[in-house]
Amino acid sequence: MANYLVIGGTGVMGKAAMEAVRETYGKDAHIIANWYAKEDTGIEIEGADQTVFGDVTDPKCREQLKQAGGGEFEYLFYATALGAVGFAIKETTPEQIKDSNRVSFDPMVALEQEMDIGTVVSYSTFYTTRHQLGSYGAMGYSKEALEKYTVEPGKSKHACIRAGLFESQSSRGIKLLLRKTAKDLNNLRDPLIRSYFEGVSTKDGVDNYLNGIIQEEKELFGDSPTREANLKQAHLELLKATPPVFVNVCGAKIWLTHEPLLLKDHI
């Protein structure tokens, strides 16, 4: 029986990863899912064979995960991230990048070094679109770090799912921060993002912003927004692909590419 490790098992991506693994490998898959919050409520993550609560930035947590799988995993799905958002990527400070990478990137690299993992899967977005450039903040640099890592040789194989707009804790966080920031339009220095909030309530401004993303994604990629079923299908495609590869998903459209998105080409 092979082990599969999901970091961020309570999130939308973590759920999609577990469903795809179970559909592909059935009972031959032993899924260990990690989650973390301010308080351990003792939940057991649906779809996982074993749930481990803990902060993956803590070496003690990573050691617990290592022991749970005997140090060997077919796949690691690193579906967790935390960083400052709600402002233009180009406005990010070096300290904000470091703080974002502390959760969004660094522990994934540590897990690869500390365990025997067949394939490490990270998660990105289309952060070089006009709307993302204006609102994704420090997370833009963390996602770029993940994408560069995907094409670098390492101890494990690397793969990445790059997804368009979908409802998640992260997207809800961006919306809340934009509403807070937009109470003073002078705080919105990106002209496109500011235009959505001029002369309307902050709630309507967020709706305008989301509609703008959907329209841009449809123009660039052919479909939007992305649903949970689309994310699961992207994972199924990844499990069939030969890494390193990017599995792009936007709406129901899924396609493979092999190059990272580079911020230097856009800012």
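The values are calculated or read from the model by the stated rules, or taken from the named source; none is laboratory data. Here the structure is a predicted model, which is why all the values come from computation and not from measurement. Reconstructed Cβ throughout: ideal geometry from the backbone, glycine too, with neighbour counts over all protein chains shown. Heads up: the accessible areas ignore ligands, DNA and RNA and are worked out on the full protein's heavy atoms, side chains in. Shrake-Rupley method; radii C 1.70, N 1.55, O 1.52, S 1.80 Å.
Numbers below:
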item: Listing of helices (runs of 4 or more DSSP H) fully contained in the stretch 169-235 that carry 3 or more residues being in contact (Cβ under 8 Å) with a residue 24 or more places away in the chain, closer than 14 Å to residue 135 by Cα and open to solvent by less than 70 Å² (accessible area, probe 1.4 Å); result: 169-181, 202-221
item: Selection from the stretch 96-132 of residues that are under 18 Å from residue 248 (Cβ atoms) and in a helix (DSSP H, G or I); result: 130, 131, 132
item: Index of the failed condition, residue 181 passing every other in (1) closer than 16 Å to residue 84 by Cα; (2) modelled with pLDDT of 85 or more; result: (2)
item: Members of the stretch 145-155 found to be open to solvent by 20 Å² or more (accessible area, probe 1.4 Å) and within 14 Å of the chain's Cα centre (by Cα), listed by number; result: 145
item: Filter result for residue 161 (buried (at least 19 other Cβ atoms within 10 Å of the Cβ), touching a residue at least 40 places away in the same chain (Cβ under 8 Å), in contact with a strand residue (DSSP E or B) (Cβ under 9 Å, 6 or more places away or on another chain) and β-branched (Val, Ile, Thr)); result: yes
item: Residue match in the stretch 135-142 (condition: in a helix (DSSP H, G or I), more than 26 Å from residue 254 (Cβ to Cβ), open to solvent by less than 20 Å² (accessible area, probe 1.4 Å) and in contact (Cβ under 8 Å) with a residue 24 or more places away in the chain); result: yes
item: Condition broken by residue 53, with the remaining ones in (1) open to solvent by 30 Å² or more (accessible area, probe 1.4 Å); (2) touching a strand residue (DSSP E or B) at 6+ places or on another chain (Cβ under 8 Å); (3) among the aromatic types (Phe, Trp, Tyr); (4) in contact (Cβ under 8 Å) with a residue 40 or more places away in the chain satisfied; result: (4)
item: Any chance residue 238 is free of Cβ contacts under 8 Å to residues at least 60 places away in the same chain, assigned to a helix (DSSP H, G or I) and under 29 Å from residue 77 (Cβ atoms); result: no
item: Residues (open to solvent by 90 Å² or more (accessible area, probe 1.4 Å) and part of a helix (DSSP H, G or I)) located in the stretch 20-50; result: 23, 27, 28
